[in-house]
Amino acid sequence: SEVYLNDSWHPAGEAMVSVFDRGFMFGDGLYEVTPFYEGKPFKLQEHLARLRYGLREIKLSFETNDLENLIFKALDRAGLSNIDCAVYLQVTRGKAPRTHHFPQQTSPTFLMYAFPVQLKGFRQMEASIMLAPDFRWQRCDIKSISLMANTMLNSEAIEKGHFENVLFRDEKITEGSHSSIFFVKDQKAYTHPEGPHILSGITRKVVIGLCKELGIPVVGEAVSLQEVPEADEIFLTGTTTQILPVTSVLHDDEEIYKSSEAGKITVRLQDAFHQMTR
Ligand code: PDD
């Protein structure tokens, strides 16, 4: 398979980046994962807008106008134009002598590739999750490639046999290591408000829109750790996760929430999401 690096296509095994690239040295860069349902882009503009937001926040100037065309070319070249797949995009601050401060002149490094992914009828899937303290930084709104905390946290969940590690900060549930979370209580959907403590998930925004269409009130308020056991329904959202019912929640190795099946509102949202993407 091929990857696009800087300004040209390369066989994946032959693309080279400098060891002095700030992405390699500092994790100084951003990424996006953008889905294609049978080759059709889903919320591509929103993903590109989030990338532009991140670039502004980290003061990295990078031209994004040509990206859309390049992304379609990536699908085409990978032979993925008709199947479920995703495109990974990454921009780093590029190669420079190692200094903490941003170098004056930077030539960003841009990497992109398409890969097949199962965006299947997700109804048959359910997840168990665990909860842990959110020890990430205070700028989770930036989709940084520095994912040490996220990879540590998710690995702990996988080791213990769970799909995801969902995090809490000051006793408030924020989000998963690579997904957003919703709680349903008394027919209302609860999601952490936007801000520095969560990524503004594109799927989260889609779900908020679907709730409005379906007449399900959305409350932009964080759920506390103590409130988790009383939730009527819980589900995760994300580009590859889509809308995934949570049927078991563990905290300190103790099951604090259990449900025998996906909740009614969760299923309604899955149906509406399916209609949008197929
Ligand atoms: N995850 N929160 C975090 C920390 C994430 O890494 C992600 C995305 C989300 C969901 O965002 P979106 O709906 O825009 O994918 C929330 C990767 C990209 C994934 O699951 O594919």
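Just so it is clear, none of the values below were taken in a lab; they were calculated from the coordinates. Quantities reported herein were computed from a predicted structural model and do not represent experimental measurements. With ideal geometry, Cβ positions are generated from the backbone for all residues, glycine too; neighbour counts draw on all protein chains shown.
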Please report, to one decimal in angstroms, the Kirkwood hydrodynamic radius of the chain built from all distinct Cα-Cα pairs.
19.8
Please arrange 221, 46 by how many other C-beta atoms lie within 10 Å of their C-beta, fewest to most.
221, 46
Which loop-located GluC sites (Glu not before Pro) does the range 58-157 contain, where loop means any DSSP state but H, G, I, E or B and the Cβ has at most 15 other Cβ atoms within 10 Å?
63
Summed side-chain charge close to residue 236 - residues other than residue 236 whose Cβ falls under 11 Å, Lys, Arg +1, Asp, Glu -1
-2
Rounded to the nearest 500 deg cm²/dmol, what is the calculated helix-only ellipticity per residue at 222 nm for the chain, with -39500 (n - 2.57) per DSSP H run of length n ≥ 4?
-7500 deg cm²/dmol
From a point 7 Å beyond the Cα of residue 268 in the direction of its Cβ, which residues of the range 165-208 have a backbone N at a distance under 14 Å?
184-190, 208
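Beta carbons within 10 angstrom, averaged per residue: use that to sort the peptides 129-136, 198-205, highest first. Walk me through the numbers before you get to the answer.
Values: 129-136: 19.0, 198-205: 21.2.
Listed from highest to lowest mean packing, they are 198-205, 129-136.
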Qualifying aspartates and glutamates (Cα of each under 14 Å from Cα of residue 185; at least 8 residues distant if same chain):
221, 227, 230, 232, 233
Could you work out how far helix 67-77 tilts from the main Cα principal axis of the chain, as a 0 to 90 degree angle to the nearest 10?
90
Rounding to the nearest 20 debye, state how big the charge dipole of the chain is about its Cα centre with +1 on each Lys and Arg Cβ and -1 on each Asp and Glu Cβ.
820
Toy charge model, Lys and Arg Cβ at +1, Asp and Glu Cβ at -1: the range 122-277 dipole around Cα centroid in debye, rounded to 20, equals 660
Cα-based reach from residue 188 at 23 Å (exclusive), listing lysines while leaving out same-chain residues under 8 positions away:
172, 205, 212, 258, 264
Order 29-35, 2-8 from most to least packed using the mean count of other Cβ atoms within 10 Å.
29-35, 2-8
What does the convex hull of the Cα atoms of the range 141-278 come to per residue, in Å³, rounded to a whole number?
113
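Using unit Cβ charges (K, R positive; D, E negative) and no other charged atoms, how large, in debye to the nearest 20, is the dipole of the range 1-127 about its Cα centre? Each step should come with its number before you reach the end.
Numbers: 14 positive and 15 negative charges, 70 e Å.
So the magnitude is around 340 debye.
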In degrees, nearest ten, helix 264-277 long axis to first principal axis of the chain (Cα)
30
